[in-house]
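The values are calculated or read from the model by the stated rules, or taken from the named source; none is laboratory data. Worth saying up front: this structure is predicted, and the values here are computed from it rather than measured. We place every Cβ from the backbone using ideal geometry, glycine too, and count neighbours over all the protein chains shown. Just so you know, the surface numbers come from the protein's heavy atoms only, side chains and all, with ligands and any DNA or RNA stripped out. Shrake-Rupley method; radii C 1.70, N 1.55, O 1.52, S 1.80 Å.
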Amino acid sequence: MNCTYRIISYVIMGKKRDLKQIDAIARECNMSPPVRKAFGKFIENEKANGDMGVLNDKGDFTWEELQQKAEEFLNRF
Amino acid sequence: MVITSVISTKQVIQPSIEKIIPCIIQPMIGEICHQVSFSYGDELGLDFGEMSPYDHPKLKHLLKGSWRFGARASPWAVKHHDQTLVVTAEADTDEQTAIAKEIVKQLEHKKLLDMTIEADTLQLTMSFEDSYQLILNPELDDDSGLACWELFMPTEQLLTVGPGYFWSCTSIS
Amino acid sequence: MTVTSVLKTSLGSNNNHNLDKIILVIVQALIGETCNQVSFSYGDELKLHFGEMSPYEHPKLAHLLKGSWRFGARATPWTVKHNDQTLVVTAEADTDEQTAIAKEIVKQLEHKKLLDLTIEADTLQLTFSFGDNYQLVLEPELDDDSGLAYWELFMPTEQLLTVGPGFFWGCKSIHERY
Amino acid sequence: MNCAYRIISCVIMGKKRDLEQIDAIANEFHLRGKLREDFGEFIEEQKSLGYGGSLNAKRDFTYKELRQKAKEFLEDRGI
């Protein structure tokens, strides 16, 4: 078995929970689709910069943290 | 709200999605995938066409394409010369995520040659130069309410496919 | 308002690509259907009903029938032709008498089969060709600033297709509420 | 000149003002898509049933009357 074949069994995906939370917060804050998209980037960027959430050890965010982030994001627009 | 749900259980005629979607995205064929990136929730994003910075002050160092494809939560696979390099699905250890993210980066700087959608399964196939393919296999029975994929277009429109056979194209300005 | 108008201009040029082809692909299944009913909505908006007829859901409209495809001309001027001869042209003015005559004439399209539908890429002129050599032609005013769409089509896929103003087009769920 | 030709000079159209008002009120009451369409039909039907407005001799509606009709439309639907 070569390397390529082994990788097939690896399995990931954009997590539905995360996406649904972003979508719900975007709706709550009346974000247009491009702003919602930028918000997803913003959250990912915050994580990459070390500003992690407390949901899990990957630094994902809780609902309250995401709401807080949305406010921060929109205030700086 | 009661009325809405009654209507939605009625037999709904399916649109000819396999003809309509390729027609709408036709101008994207021939564009280069300049960037493969990931958004929150490990959503795969492909940026094509003219690249420009985000407007938000904290994202100014990041570029976005005039065509922005988002795979939402749909599982995807990358093929090269008909050989599958990676398949993604429900589970997601950090290590697996990292590997898949690395592999799909091979699509960067490749020209998009074709994009087809399968009428029954809604399988989406993006064919790139050098015999690369990106394949999305939406879960038709998924009840998350999330779209299968979306495409921001330079016409200031957002094309959305899913959930199910629903599609829409709306103004984003 | 300045921002809006700037956006509209850019939409116009950007969106122009293949609007005519896209629209025809989306409405393809309408061709071959029969115009079962010609009606008028508030504002004397011309409506053509095609396909399967069923009653409206609203209790006060339950005695009225609607088609599974419903075309609404919005405020766009329209023309009816028969054997290449123009029967009526509508435009801005509207005495009650003129309205009544034009409404009567366009009723001739009832029970006619739609044979073809074309859309002109530059002018967005829309032409319905019916059996017995009838034509309905819509000529949108591209410089109109009312913000109204040029026409719309409710489809059996539970989608609403909208064309105009300008070269904007959209297609979304008819159940969208917000 | 035959009858058909004479009619060419006849000129009507779905009035922009009326449609703009309907659209504005539909927006205000969150009537989109099919509901907005039904609302236009409802208004026209009210006129033909003799429940027209006071705007003109054709019994079109004032903006205020249209808002009132939108409320009736929603109440009748049970929303």
Quiz prompt | Accessible area that becomes buried as C packs against D, both chains, 1.4 Å probe, Å², nearest 100 | solution = 4400 Å²
Quiz item: By how many nm would the segment from B:Asp94 to B:Ser173 grow when fully extended, if each residue of separation counts as 0.36 nm and the alpha-carbon distance is taken off?
Solution: 24.8 nm
Quiz prompt | Cα-centre dipole for the range B:91-148 with unit charges at Cβ (Lys and Arg positive, Asp and Glu negative), debye to 20 | solution = 380 debye
Quiz item: Using unit Cβ charges (K, R positive; D, E negative) and no other charged atoms, how large, in debye to the nearest 20, is the dipole of the protein assembly as shown about its Cα centre?
Solution: 480 debye
Quiz prompt | Percent of Cα-Cα distances greater than 43 Å, calculated over the protein assembly as shown | solution = 24 percent
Exercise. Compare the peptides C:168-176, B:108-116 by average per-residue count of other Cβ atoms within 10 angstrom and give them in order, highest first.
Key: C:168-176, B:108-116
Practice problem: Taking amide H positions as placed in the peptide plane 1.01 Å from N, state which residues far from A:Thr62 in sequence (5 or more) or on other chains have amide H under 5 Å from it. | Solution: A:Val54, A:Leu55
Quiz item: How large is the helix-only mean residue ellipticity at 222 nm for chain B, computed as the sum of -39500 (n - 2.57) over DSSP H runs with n ≥ 4, divided by its residue count, in deg cm²/dmol to the nearest 500?
Solution: -4500 deg cm²/dmol
Exercise. Extending each Cα 7 Å along its Cβ direction at A:Trp63 and B:Ala119, get the distance between those two points in nm, one decimal.
Key: 4.3 nm
Quiz item: Peptide D:40-53: average number of partner chain Cβ atoms within 10 Å per residue?
Solution: 4
Quiz item: Which whole-Hz ³J(HN,Hα) couplings does the range B:121-128 yield from phi under the Karplus relation 6.51 cos²θ - 1.76 cosθ + 1.60, θ = phi - 60°, glycine and proline marked x?
Solution: 8, 6, 4, 10, 10, 9, 9, 10
Quiz item: Along the range A:26-39, what does the Karplus equation 6.51 cos²θ - 1.76 cosθ + 1.60 (θ = phi - 60°) give for ³J(HN,Hα), rounded to whole Hz, x for Gly and Pro?
Solution: 4, 5, 4, 9, 6, 6, 6, x, x, 5, 4, 5, 5, 4
Quiz item: Can you pull out the trypsin sites (Lys or Arg not before Pro) in the range D:26-79 that DSSP calls coil and that have at most 15 other Cβ atoms within 10 Å?
Solution: D:Lys58, D:Arg59
Self-check item: Accessible surface, chain C, averaged per residue in Å² (probe 1.4 Å)
Solution: 41 Å²
Quiz item: How far apart, in nm, are the 7 Å Cα→Cβ label points at B:Cys23 and C:Glu97?
Solution: 4.4 nm
Self-check item: Dipole axis of the protein assembly as shown (+1 Lys, Arg; -1 Asp, Glu on Cβ), positive-most option in D:Leu31, D:Gly53, B:Trp67
Solution: D:Gly53
Quiz item: Based on the Cβ-Cβ distance of B:Asp82 and A:Arg27, what FRET efficiency does E = 1/(1 + (r/R0)^6) give at R0 = 51 Å, to the nearest 0.05?
Solution: 0.80
Exercise. Go through B:Leu46, B:Thr97, B:Ser173 and say which Cα lies farthest out towards the positive end of the charge dipole of chain B; charges sit on Cβ, +1 for Lys and Arg, -1 for Asp and Glu.
Key: B:Ser173
Quiz prompt | C:Gln85-B:Ser144 pseudo-label distance in nm [points 7 Å out on the Cα-to-Cβ vector] | solution = 6.4 nm
Quiz item: Rg(Cα) of chain C divided by 2.2 N^0.38 Å?
Solution: 1.04
Quiz prompt | Residue (of C:Thr118, B:Trp149, C:Phe50) at the positive-pole extreme of the protein assembly as shown, dipole from beta-carbon charges | solution = C:Phe50
Quiz item: For chain B, what D do you get in µm² per second when you plug the Kirkwood radius from alpha-carbon pairs into Stokes-Einstein at 20 °C and 1.002 mPa s?
Solution: 126 µm²/s
Quiz prompt | Flagged links, alpha-carbon separation over 25 Å, of A:Lys69/B:Lys79; A:Lys15/B:Lys111; C:Lys172/D:Lys47; B:Lys79/B:Lys111 | solution = A:Lys69/B:Lys79; A:Lys15/B:Lys111; C:Lys172/D:Lys47
Quiz item: Pairing the Cα long axis of helix B:94-104 with the longest principal axis of chain B, what angle in degrees results, from 0 to 90 and rounded to the nearest 10?
Solution: 80 degrees
Exercise. Kindly flag which residue pairs out of B:Lys60/B:Lys110; B:Lys101/C:Lys21; A:Lys37/B:Lys105; A:Lys37/C:Lys47 have an alpha-carbon separation exceeding 28 Å in this structure.
Key: B:Lys101/C:Lys21; A:Lys37/C:Lys47
Self-check item: Shielding by partners, peptide C:166-176 (average Cβ within 10 angstrom, other chains)
Solution: 6
Quiz item: Within the accessible area of the range C:19-173, what % is carbon and sulfur when the probe is 1.4 Å and the other protein chains stay in place?
Solution: 48 percent
Quiz item: Dipole magnitude of the range A:14-75 about its Cα centre, charges +1 at Lys/Arg Cβ and -1 at Asp/Glu Cβ only, in debye to the nearest 20?
Solution: 400 debye
Practice problem: Let me know the mean shielding of D:18-24 by other chains, meaning the per-residue number of their Cβ atoms within 10 Å of its Cβ. | Solution: 5
